[in-house]
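The values are calculated or read from the model by the stated rules, or taken from the named source; none is laboratory data. What you see is a predicted model, and the numbers here were worked out from it, not measured in a lab. Here Cβ is always computed from backbone atoms with ideal geometry, including for glycine, and neighbour counts include all displayed protein chains.
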Amino acid sequence: MNEKIRVPSVRLINENGEQVGIVPIEKALELAYEAGLDLIEVAPDAKPPVCRILDFGKFKYRQKKKTHQKVHRQQLKMLRVRPKTEEHDLQVKIRKAREFLEKGDRVQIVVQFRGREMQHREYGARQLTRFMTELTEIAKVESEPRADGRKIEMTFAPK
């Protein structure tokens, strides 16, 4: 930064982001002081080193902000339905699954059975095929429907 740069000439980028060219370090410092900004070495390993004219405080702030940006970690979201879930409620669940998939999360659909519903597992399979048809354009089936006791599970992953 500024006088700490110890090379005879640098490739200079002005405060607007335009390339000025290769200039002596004295001229680069002079241009930076005229603009009321700092001369910062952004690529010290290049031949010649690349320097920018910019506000050092803003530069540090932006770098710090970049490091603190949150990276989305994929999660497994679970949605439960019953074999006799009505149309509107099913649409709400499908919309929620779509939101999760668009955000990058995996979605597990679980159809739970109670009592005599176990006799009619085809109703649960019908619910899962409905999810498949509604989500095919944004998701792929990660695991096929599989029965596990009183429930049938199926997992979708974003494309």
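The condition (being closer than 18 Å to PHE59 by Cα and basic (Lys, Arg)) is satisfied by just one residue among LYS27, LYS4: LYS4.
When residues in the stretch 30-48 are screened for being closer than 20 Å to GLN63 by Cα and assigned to a loop (DSSP other than H, G, I, E, B), 3 of them pass. Being free of Cβ contacts under 8 Å to residues at least 60 places away in the same chain, acidic (Asp, Glu) and assigned by TED's automatic domain parsing to the domain that holds ILE138 is a property that does not hold for GLU34. Considering the stretch 1-25, the residues that are surrounded by 10 or more Cβ atoms within 10 Å (Cβ to Cβ) and part of a helix (DSSP H, G or I) include one that is modelled with the lowest pLDDT, namely ASN2.
Within the stretch 107-159, the set of residues being of a type outside the set (A, V, I, L, M, F, W, C) and in contact with a helix residue (DSSP H, G or I) (Cβ under 6 Å, 6 or more places away or on another chain) comprises GLU134, PRO145, PRO158.
Once the stretch 92-118 is narrowed to residues that are hydrophobic (A, V, I, L, M, F, W, C) and out of contact with any Pro (no Cβ under 7 Å at 6 or more places or on another chain), the residue that is nearest to LYS151 (Cα to Cα) is VAL110. Here ILE40 meets the list (1) in contact with a strand residue (DSSP E or B) (Cβ under 6 Å, 6 or more places away or on another chain); (2) over 13 Å from MET1 (Cβ atoms); (3) of a type in the set (A, V, I, L, M) almost entirely, failing just condition (2). Within the stretch 66-97, being touching a Gly at 6+ places or on another chain (Cβ under 6 Å) and within 20 Å of ARG121 (Cα to Cα) holds for one residue alone: PRO83.
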